[in-house]
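Engineer: For reference, the structure I am asking about is given below.
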Amino acid sequence: MGQLQASRPPSPAAIAGRHDWHADTLLFDYRQAANPIRPGLTEPIPEGRWGPELHATGPTAVLPLDLSARLGCPYPATSPALSANFVRILGGESIAVAANATSSLFYVYRGSGRCHCPSGAGDQPLDLAWGRGDLFVLPAGLEPRLDASEESVLYWIHDAPLLTFLGVRAESARFAPSHYPAAWLDEELAALAADPSSARSNRLSLLMANTALPASRTVTHTLWAMYGLVPAGAVQPPHRHQSVALDLVIDCQPGCATLSGPDLNPDGTIRNPLRMEWEPGAAFVTPPGHWHSHVNESGHPARLLPIQDAGLHTYLRSLDIRFASGLAGEG
């Protein structure tokens, strides 16, 4: 495949038992190696879907949404940079959810309880009461434990796969632990839906942000989170971006779906789209670079929580969000 091993004379270093600087060097023909994202080499990010039955029953456990075998990486991962999980906790039980991550995001799909971190800001313990619909984020340096007062399910996304790939440990916090209560999110989303300017929008969304990150306007420096409403009858114009989307369906009726694919037809619709059906409590992956559109044929509004590694892509200036048509900014 155009692989040319570096030509070199016998190494005196190897003969003498010293480090051989040439032992691992290779050369490739640029024409055959410039784009290594292909099956069998750097595996493309696949679509993936997990239904609500995954977390409907069973003991207290972390349930990874693991695509590592298809990604070709030797550690649990849902995308090259992110790990998505459901955390199921029986009432009266606890579970540790520490990870070598710079950012951990939790959305409470159902239930209630508390998050306890033995050492937080200024080495003081942190304690947060959480309930259904709440979202909270934790930085590096904490060892959180989730205590459930009733049967609970949380959607947990963190960036440990990125750090594992880089061979580093997260040691310093880049933002303060933050809580986005369900009542606040719902109030602001209702106000957005009632705004006269929203009448021409086919999706209404709130981007969660942090005062420590004024330039990226993201929930952490690696993660992006959106609390979105898809009105009844909406068919979104397709859009795409270079960040992966790990979406959680909060609520919907039958007839809601996401259409996705790598190419567009001349009329701006998605060519031969994959249709990912929604169910409340289901999660799915939209690969980076794929055009996608959310549609709601149910006759009832639906809510979706997409989480992306767009904070990192924004910093790298590689997000490259594009719209086939419609209103720019309706990502």
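The values are calculated or read from the model by the stated rules, or taken from the named source; none is laboratory data. Predicted model, so just to flag it, every value in this text is computed and none were measured. Using ideal geometry, Cβ is built from the backbone for each residue, glycine included, and neighbour counts are taken over all protein chains shown. Just so you know, the surface numbers come from the protein's heavy atoms only, side chains and all, with ligands and any DNA or RNA stripped out. Shrake-Rupley method; radii C 1.70, N 1.55, O 1.52, S 1.80 Å.
Engineer: Could you tell me which residue of the stretch 235-292 is most open to solvent (accessible area, probe 1.4 Å), considering only residues that are within 23 Å of residue 84 (Cα to Cα), small (Gly, Ala, Ser) and part of a loop (DSSP other than H, G, I, E, B)?
Structural biologist: By that ranking, first place goes to 289.
This table checks each residue for (1) among the β-branched types (Val, Ile, Thr); (2) in a loop (DSSP other than H, G, I, E, B); (3) within 20 Å of the chain's Cα centre (by Cα).
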{"site": "128", "(1), (2), (3)": "no, no, no"}
{"site": "136", "(1), (2), (3)": "no, no, yes"}
{"site": "143", "(1), (2), (3)": "no, yes, no"}
{"site": "157", "(1), (2), (3)": "yes, no, yes"}
{"site": "164", "(1), (2), (3)": "yes, no, yes"}
{"site": "170", "(1), (2), (3)": "no, yes, yes"}
{"site": "173", "(1), (2), (3)": "no, yes, yes"}
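Engineer: Now a separate question. Given the criterion surrounded by fewer than 16 Cβ atoms within 10 Å (Cβ to Cβ) and of a type in the set (D, E, K, R), identify the matching residue among 127, 66, 134, 147. First the steps, then the outcome.
Structural biologist: Values: 66 fails: surrounded by fewer than 16 Cβ atoms within 10 Å (Cβ to Cβ); 134 fails: surrounded by fewer than 16 Cβ atoms within 10 Å (Cβ to Cβ); 147 fails: surrounded by fewer than 16 Cβ atoms within 10 Å (Cβ to Cβ).
The match here is 127.
Engineer: Which ones in the stretch 246-291 are under 18 Å from the mean Cα position of the chain (by Cα) and among the polar types (S, T, N, Q)?
Structural biologist: Listed by number, the residues that qualify are 258, 260, 286.
Engineer: Hey, can you tell me all the residues within the stretch 218-233 that are open to solvent by less than 10 Å² (accessible area, probe 1.4 Å) and either free of Cβ contacts under 8 Å to residues at least 40 places away in the same chain or hydrophobic (A, V, I, L, M, F, W, C) (or both)?
Structural biologist: Those that are open to solvent by less than 10 Å² (accessible area, probe 1.4 Å) and either free of Cβ contacts under 8 Å to residues at least 40 places away in the same chain or hydrophobic (A, V, I, L, M, F, W, C) (or both): 219, 223, 225, 226, 230.
Engineer: Please go through the stretch 143-174 and give me each residue that is closer than 25 Å to residue 214 by Cβ and touching a residue at least 60 places away in the same chain (Cβ under 8 Å), ordered by number. Let's see the steps before the verdict.
Structural biologist: Pass one, the stretch 143-174, residues closer than 25 Å to residue 214 by Cβ: 157-159, 162-163, 170-174.
Residues satisfying the conditions are 157, 158, 159, 162, 163, 170, 174.
Engineer: Still on this structure: Go through the stretch 96-131 and count every residue that is closer than 17 Å to residue 85 by Cα and modelled with pLDDT of 95 or more.
Structural biologist: Matching residues across the stretch 96-131 total 16.
Engineer: Same structure again: Scan (1) under 30 Å from residue 132 (Cα atoms); (2) of a type outside the set (Ser, Thr, Tyr); (3) modelled with pLDDT of 95 or more for the single condition residue 329 breaks and write down its number.
Structural biologist: Result: residue 329 fails condition (3) only.
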